[in-house]
Amino acid sequence: MRLAAAESTRALPGTARPADTTLRRGGTVVLLDGFEAGAVLAAIARERISHLFLLSPLLYQLTCGAVHPR
């Protein structure tokens with residue numbers, strides 16, 4: 001299962017290609033409307049995400065500046 005989260009669709013150039021490949025292979029793609037670190041972490045846990053596409057600043061927010069959901 002893959003997750004793509006960004007402030008806009010333009011923020012993740014090339015995301016469609018991996019998403020299309022995942023869907024063609026019978027996988028699931030989870031899209032979030034915007035980026036909020038807590039919501040992304042909750043989606044990762046809830047949806048059992050195995051692959052994640054994020055821009056570097058967003059990944060930094062998850063690993064260094066995020067408040068983990070309870």
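The values are calculated or read from the model by the stated rules, or taken from the named source; none is laboratory data. Just so we're clear, the structure is a prediction, and the values are computed from it rather than from any experiment. Virtual Cβ from ideal backbone geometry, glycine too; neighbours counted across all protein chains shown.
General observations
- Residue within segment 4-19 that is modelled with pLDDT of 85 or more, among the charged types (D, E, K, R) and assigned to a loop (DSSP other than H, G, I, E, B) present: no
- Count of segment 50-60 residues which are within 15 Å of PRO18 (Cα to Cα) and crowded, with 16+ Cβ neighbours inside 10 Å: 3
- Of all residues in segment 20-70 being in contact with a Pro (Cβ under 6 Å, 6 or more places away or on another chain) and among the small types (Gly, Ala, Ser), the one that is modelled with the lowest pLDDT: GLY38
- Filter result (farther than 15 Å from LEU55 by Cα and either of a type in the set (S, T, N, Q) or part of a helix (DSSP H, G or I) (or both)) within segment 29-40: GLY38, ALA39
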